[in-house]
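The values are calculated or read from the model by the stated rules, or taken from the named source; none is laboratory data. In this text, all values refer to a predicted model and were calculated from it rather than measured experimentally. Heads up, the Cβs are rebuilt from the backbone with ideal geometry, glycines too, and the neighbour counts pull from every protein chain shown.
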Amino acid sequence: MTRILIDADACPVKEEIYKVALRHKVSVTVVSNSPIRVPQSALISRKLVSDAFDAADDWIVENTDASTVVITADILLADRCLKLGASVVAPNGKPFTTSSIGGAIATRAIMADLRANGDVVGGPPPFSKQDRSRFLSSLDEMLVKLARRG
């Protein structure tokens, strides 16, 4: 059965996920290190993990398989989930795939090195309406694809 796992602590599209999931009748688990309010629904649950390093990521990986859609901006978590056959999408709507994840990991490493040397200031661009729209489209497409496969 298809389900959605959200790496939720910094996820800006939780409300959108709930709406799409309820329309598709897909369960959602909100995984976080701190309490997050979720709508009252039999399809939506919350998993509070410890504040240990990567505790949320580890829980998500342990509960992921080919019927799972994972929502995360964490490239290394996306890689771990893709290796288990999951569908993974970032909150900006860009899907992580087995063919794109290597480049994303390499870019992440380069940017970390540049930041460590003081060469890069700032972070990603601000979250936009286009990101939100692209996310909704990507999530809907993934759920439709998984429903057809199942």
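Here is how the numbers come out for the structure above:
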| read-out | value |
| --- | --- |
| The stretch 61-77: number of residues that are of a type in the set (Gly, Ala, Ser) and out of contact with any helix residue (DSSP H, G or I) (no Cβ under 9 Å at 6 or more places or on another chain) | 1 |
| Condition check for ASP79: modelled with pLDDT under 95 and either under 17 Å from ASP131 (Cα atoms) or touching a strand residue (DSSP E or B) at 6+ places or on another chain (Cβ under 8 Å) (or both) | no |
| Strands (runs of 3 or more DSSP E) lying entirely in the stretch 27-143 (those with 2 or more residues that are out of contact with any Ser or Thr (no Cβ under 9 Å at 6 or more places or on another chain)) | 27-32 |
| Hits in the stretch 37-56 - residues which are surrounded by 15 or more Cβ atoms within 10 Å (Cβ to Cβ), under 22 Å from ARG80 (Cβ atoms) and in contact with a strand residue (DSSP E or B) (Cβ under 6 Å, 6 or more places away or on another chain) | ARG46, LYS47, ALA56 |
| Considering residues of the stretch 4-36 that are of a type in the set (Asp, Glu) and in contact (Cβ under 8 Å) with a residue 24 or more places away in the chain only, the residue surrounded by the most Cβ atoms within 10 Å (Cβ to Cβ) | ASP7 |
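Table: residues versus (1) at pLDDT 95 or above; (2) buried (at least 17 other Cβ atoms within 10 Å of the Cβ).
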| residue | (1), (2) |
| --- | --- |
| TRP59 | yes, yes |
| VAL69 | yes, yes |
| ASP74 | no, yes |
| GLY85 | yes, no |
| PRO126 | no, no |
| SER137 | yes, no |
| MET142 | yes, yes |
| ARG148 | no, no |
